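Okay, structure first, notes after.
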Amino acid sequence: MQTKRFIGENPKVGIRPVIDGRQGGVRESLEEQTMNMAGRVAELITSTLKYTDGTPVQCVIADSTIGRVPEAAACAEKFRKEGVGLTISVTPCWCYGSETIDYDDRMPKAIWGFNGTERPGAVYLAAALAGHNQKGMPAFGIYGHDVQDADTQTIPDDVKEKLLRFTRAGIAVAQMRGKSYLSIGSVTMGIAGSIVDTDFFQTYLGMRNESVDEVEIIRRIEEGIYDKEEFKKAMAWTEKYCKTNEGHDFNPADKQKSRAQKDADWEYIVKMMIIMRDLMCGNPKLRELGFKEEALGHNAIAAGFQGQRQWTDHLPNGDFAEAMLNSSFDWNGIREAFVMATENDSLNGVAMLFSKLLTGSAQVFADVRTYWSPEAVERVTGKRPTGAAANGFIHLINSGAASLDGSGEQTKDGKPAMKPFWEITEAEAEKCLKATTWYPANRDYFRGGGFSSHFVSKEGMPVTMVRLNLVKGLGPVLQIAEGYTVELDADVHKALDERTDRCWPTTWFAPRLTGKGAFKDVYSVMNNWGANHGAFSYGHIGADLITLASMLRIPVCMHNVENDKIFRPSAWAAFGMDPEGSDYRACKNYGGLYK
C-alpha cells in the first residue's frame, strides 16, 4: 500500500544536452549524437532509481540542444514548469561555457563531458566547471576514465556510478526542500538534539519547522479525532501480530499493571500511532468526519516525539508508535517507512532522513550505548569474540523504537537485509513481526507503562551508521561509519544484553576499520562518536552520504569510505590537497545551500 504523503510532485531530473553553437556544419553534425547521449542518461536513471514512494525517478530532457543563451533560458523555463529539482548537462563536444551552463545556484548540478578524441567534450567540461567555480555555483564533473569512440552507445561503468550517485543525492536534496520537520513535544531530558535548531533546517535543508504539544495527542484521543474504522482494523492486526508476542513482565510485582490495564495500553498506543501519522501527513478521512483542520497534517517528511519525561511519567510510552511508524509495514500493509525520531532528537532524525531518501528503506534509531573490547567480553563471559566481532563491537540499543526491519528477517541474495518496501514480501514482514517481542515497559524508566519492542539483528548485514551534529562556531557536521551486524554466542549475548535492558532491541555493530584516525580500532570509533544517538541504514552508503553532504555544504568530520568513492563538486579541489580539509574549507566558503 502507498498513498501520497506530501504536497506537490516528486522532483524530476533535468537533462541538458549541450552542443557547439556554431551553425553551418559543426552543430548540425552533433545534434543526433548529443540528444542520444541525453536519452541514454535518462534511460539509465529511470530504469535504475526509484523515489521513496516506489515509483521510477522521472527525467525531463530539454526540447532542443543548448548551444546559446536563449536555448539555455528556454530549458530553464521548461524545467521550472516541469518541477525539475536537479540537472545533468551532457555533451560530446566543445560548447560555449558560460552561455550554456545552468545558472540556478540552488539546483544540484552535474556535467558529463564525453571522453572521446573526435570532439573535445572534456575541454568543455573543464571550461564549464571553471565557469561554475568562478561564479560560485559548484557543479559535479563527470569524466570517464577511458577514451570512447564517438559512435558508442554505452555509458561506461565509472560514469554510471557517478551519474547515479549524483542523482540519488540530488533527488534527496530536492525532496527535502519545502517539507517540514514536526516536533511532537519539545526537549527530552536535556538532549541537545531535541533542542530543535530552526536556522539549521532552513539554511541547510530548505525545510520548515512545525511543532505541536504532546497534549494534542491526548486531545485527539479524548475527542475521537481519528478514523474509528481504521482503529478497529489496527487493533485486529495488533492482536494477531503483536499482542500474541507480548513478553514476560519483568517489573516488580508492585509495579506491574493488571491485564485490563495492559489491554487498555495496547489500545492507547495504537491510537497514538494513528494520530502521530495523521499529524505528519494529514488524513482525508478526518475531513469526512468533520475535522477539516486536523485533516491537513503538517507536510512533515520527518518528525520526533519527545516522550520522556512529561509524557512517559504519566502515559504509555511511544515505543510502539515510533517502532511501527519507522517500519515498512503495519495494518494497512507494506508501505513506505516514516521517519520518527525517538526523544525528538531532530539531528538523529535528519540522519535517518538522509539515509532513507538515499535508499528508500527503513532506518534504525539507537543509542550508541557501549563499546565492548575483546578483553572486556572475555572478562565478563569467559569467552573471547571471534569472526567479525573479534576486534570488539558496539552495542546499539535504545528503548524499543527501532524499526522492525532492523531484525534482519528480510533477505537479499539469501542474506539478511533491510529492503525498500516495494521489494518486501508479506512473508518477510510477518517474519519481522514474529521476531519481535513486545515487553511491558520498564516502569522505572516509563512510569506510565506501555510496551517496548525487542529483537536481535541478524549477522552479516552491511550497514552504515550516521549522525549529524551541530558545533558552535562551525555549524553542522556529519559522521559516517560503515560496518556489519554481528552475532554473538547465545550465552555471551545474554550476559552482555541483560546488563542494559533485556526488553529493548539490540544490534551488535562492528565498524570496518582502516587502521588510522577514528577508524584505527573499534574503541576509536566509539570514542569519536559525537552524540549519544546514531541511526543505521542497510548497505554501505557512505559515499552517497558524502555526496549529499557536499550538496548541502555540510562537512564530513568522520568516515571510513574509500577515497576513490568520494564524489564532491569540482570546486572542492581548489580548497587544498587534503580531501577532508578541503571539504571543511569549501563548506565554510559557500555556506548552507539556502543561506
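Just wondering, is there one or more residues in the range 210-232 that are modelled with pLDDT of 95 or more, among the β-branched types (Val, Ile, Thr) and open to solvent by less than 10 Å² (accessible area, probe 1.4 Å)? Checked the range 210-232: at least one residue is modelled with pLDDT of 95 or more, among the β-branched types (Val, Ile, Thr) and open to solvent by less than 10 Å² (accessible area, probe 1.4 Å).
If we keep just the residues of the range 170-184 that are in contact with a strand residue (DSSP E or B) (Cβ under 8 Å, 6 or more places away or on another chain), outside any strand (DSSP E or B) and not charged (D, E, K, R), which is surrounded by the fewest Cβ atoms within 10 Å (Cβ to Cβ)? Walk me through it before giving the result.
Going through the range 170-184, the residues in contact with a strand residue (DSSP E or B) (Cβ under 8 Å, 6 or more places away or on another chain) turn out to be 170-171, 173-184.
Next, from what is left, pick out any that are outside any strand (DSSP E or B): 170-171, 173-179.
Cutting the leftovers down to not charged (D, E, K, R) gives us 170-171, 173-176, 178.
Values: GLY170: 24, ILE171: 26, VAL173: 22, ALA174: 23, GLN175: 21, MET176: 25, GLY178: 15.
Residue satisfying both the conditions and the ranking: GLY178.
Note on the range 317-360: residues that are open to solvent by 10 Å² or more (accessible area, probe 1.4 Å) and either among the aliphatic types (A, V, I, L, M) or in a loop (DSSP other than H, G, I, E, B) (or both) amount to 9. Check whether at least one residue in the range 267-285 is open to solvent by 30 Å² or more (accessible area, probe 1.4 Å), part of a loop (DSSP other than H, G, I, E, B) and not acidic (Asp, Glu), and report yes or no. No, there is no match, as no residue in the range 267-285 is open to solvent by 30 Å² or more (accessible area, probe 1.4 Å), part of a loop (DSSP other than H, G, I, E, B) and not acidic (Asp, Glu).
Check the range 71-84 and report whether any residue there is of a type in the set (A, V, I, L, M, F, W, C), assigned to a strand (DSSP E or B), under 26 Å from LYS356 (Cα atoms) and in contact with a Phe, Trp or Tyr (Cβ under 8 Å, 6 or more places away or on another chain). No, the range 71-84 has no match at all. Scanning the range 542-566 for residues that are over 24 Å from ASP521 (Cα atoms), out of contact with any strand residue (DSSP E or B) (no Cβ under 7 Å at 6 or more places or on another chain) and among the small types (Gly, Ala, Ser) turns up just one, SER550. Looking only at residues of the range 286-296 that are out of contact with any Lys or Arg (no Cβ under 9 Å at 6 or more places or on another chain) and not in a loop (DSSP other than H, G, I, E, B), we find that the one that is least open to solvent (accessible area, probe 1.4 Å) is ARG287. Tell me, please, whether a residue that is closer than 27 Å to ASP149 by Cβ, in contact with a Gly (Cβ under 7 Å, 6 or more places away or on another chain), in a loop (DSSP other than H, G, I, E, B) and open to solvent by 20 Å² or more (accessible area, probe 1.4 Å) can be found in the range 97-118. No, the conditions are met nowhere in the range 97-118. The listed residues are ALA543, ALA549, ALA586, ALA571, and the only one of them that is modelled with pLDDT of 95 or more and in contact with a His (Cβ under 8 Å, 6 or more places away or on another chain) turns out to be ALA571. Of the residues making up the range 546-595, just one is polar (S, T, N, Q) and in contact with a Leu (Cβ under 7 Å, 6 or more places away or on another chain), namely SER570.
Kindly indicate whether any position in the range 246-261 is of a type in the set (Ser, Thr, Tyr) and either part of a helix (DSSP H, G or I) or within 31 Å of the chain's Cα centre (by Cα) (or both). There is no residue in the range 246-261 that is of a type in the set (Ser, Thr, Tyr) and either part of a helix (DSSP H, G or I) or within 31 Å of the chain's Cα centre (by Cα) (or both).
Restricting the first member to the range 450-464 and to residues that are among the basic types (Lys, Arg), and the second to residues that are crowded, with 23+ Cβ neighbours inside 10 Å, the beta-carbon pairs closer than 8 Å and six or more apart or on different chains are LYS458/SER407; LYS458/GLY408; LYS458/GLU409; LYS458/THR485. The lone criterion from (1) open to solvent by 30 Å² or more (accessible area, probe 1.4 Å); (2) at pLDDT 95 or above; (3) part of a loop (DSSP other than H, G, I, E, B) left unmet by ASP151 is number (2). Note on the range 368-410: among residues that are hydrophobic (A, V, I, L, M, F, W, C), within 11 Å of ALA510 (Cβ to Cβ) and part of a helix (DSSP H, G or I), the one that is most open to solvent (accessible area, probe 1.4 Å) is ALA388. Of all residues in the range 190-240, which are more than 15 Å from VAL270 (Cα to Cα), in contact (Cβ under 8 Å) with a residue 60 or more places away in the chain, of a type in the set (Val, Ile, Thr) and assigned to a helix (DSSP H, G or I)? Selection gives THR203 alone.
From ASN245, ASN299, which residue is open to solvent by 20 Å² or more (accessible area, probe 1.4 Å), touching a strand residue (DSSP E or B) at 6+ places or on another chain (Cβ under 6 Å), within 15 Å of SER452 (Cα to Cα) and not small (Gly, Ala, Ser)?
On the way: ASN299 fails: within 15 Å of SER452 (Cα to Cα).
Just one listed residue meets the conditions, ASN245.
Pairs linking a residue in the range 577-595 that is open to solvent by 20 Å² or more (accessible area, probe 1.4 Å) to a residue that is among the polar types (S, T, N, Q), with Cβ atoms under 8 Å and 6 or more positions apart or on different chains, are PRO579/ASN563; TYR594/GLN202; TYR594/THR203; LYS595/THR203.
Checked against (1) closer than 23 Å to SER194 by Cα; (2) surrounded by 21 or more Cβ atoms within 10 Å (Cβ to Cβ); (3) in contact with a strand residue (DSSP E or B) (Cβ under 7 Å, 6 or more places away or on another chain), VAL471 passes all but a single condition, namely (2).
Specify which of the listed residues (LEU433, LEU496) is under 25 Å from LYS356 (Cβ atoms), open to solvent by less than 40 Å² (accessible area, probe 1.4 Å) and not basic (Lys, Arg). So that I can check it myself, show each step before the final result.
Working: LEU496 fails: under 25 Å from LYS356 (Cβ atoms).
The unique qualifying residue is LEU433.
Scanning the range 31-59 for residues that are farther than 22 Å from PHE79 by Cβ and either part of a helix (DSSP H, G or I) or free of Cβ contacts under 8 Å to residues at least 60 places away in the same chain (or both) turns up GLU32, GLN33. The lone criterion from (1) open to solvent by 60 Å² or more (accessible area, probe 1.4 Å); (2) touching a helix residue (DSSP H, G or I) at 6+ places or on another chain (Cβ under 6 Å); (3) assigned to a loop (DSSP other than H, G, I, E, B) left unmet by GLU459 is number (2).
Every residue, every condition in (1) over 24 Å from ASP104 (Cα atoms); (2) touching a Lys or Arg at 6+ places or on another chain (Cβ under 9 Å); (3) loosely packed, with under 14 Cβ neighbours inside 10 Å; (4) of a type in the set (S, T, N, Q), yes or no:
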{"position": "GLU9", "(1), (2), (3), (4)": "no, no, yes, no"}
{"position": "GLU31", "(1), (2), (3), (4)": "yes, no, no, no"}
{"position": "ALA38", "(1), (2), (3), (4)": "no, yes, no, no"}
{"position": "TYR51", "(1), (2), (3), (4)": "no, no, no, no"}
{"position": "VAL57", "(1), (2), (3), (4)": "no, yes, no, no"}
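THR167 versus (1) touching a residue at least 40 places away in the same chain (Cβ under 8 Å); (2) open to solvent by 20 Å² or more (accessible area, probe 1.4 Å); (3) under 23 Å from ASP104 (Cβ atoms): which is the lone unmet condition? THR167 satisfies all of (1) touching a residue at least 40 places away in the same chain (Cβ under 8 Å); (2) open to solvent by 20 Å² or more (accessible area, probe 1.4 Å); (3) under 23 Å from ASP104 (Cβ atoms) except (2).
Any idea how many residues of the range 119-138 are within 22 Å of ARG177 (Cβ to Cβ), crowded, with 16+ Cβ neighbours inside 10 Å and either hydroxyl-bearing (Ser, Thr, Tyr) or out of contact with any Ser or Thr (no Cβ under 8 Å at 6 or more places or on another chain) (or both)? Before you say what the answer is, go through the steps one by one.
Going residue by residue through the range 119-138, those that are within 22 Å of ARG177 (Cβ to Cβ) are 132, 135-138.
Right, trim to crowded, with 16+ Cβ neighbours inside 10 Å and you get 132, 137-138.
Those left that are additionally either hydroxyl-bearing (Ser, Thr, Tyr) or out of contact with any Ser or Thr (no Cβ under 8 Å at 6 or more places or on another chain) (or both): 137.
Total meeting the criteria: 1.
The values are calculated or read from the model by the stated rules, or taken from the named source; none is laboratory data. The structure presented is a predicted model; accordingly, all values stated were derived computationally and were not measured. Heads up, the Cβs are rebuilt from the backbone with ideal geometry, glycines too, and the neighbour counts pull from every protein chain shown. The protein model used for the area step is the full one, side chains on, heavy atoms only, and it has no ligands, DNA or RNA in it. Shrake-Rupley method; radii C 1.70, N 1.55, O 1.52, S 1.80 Å.
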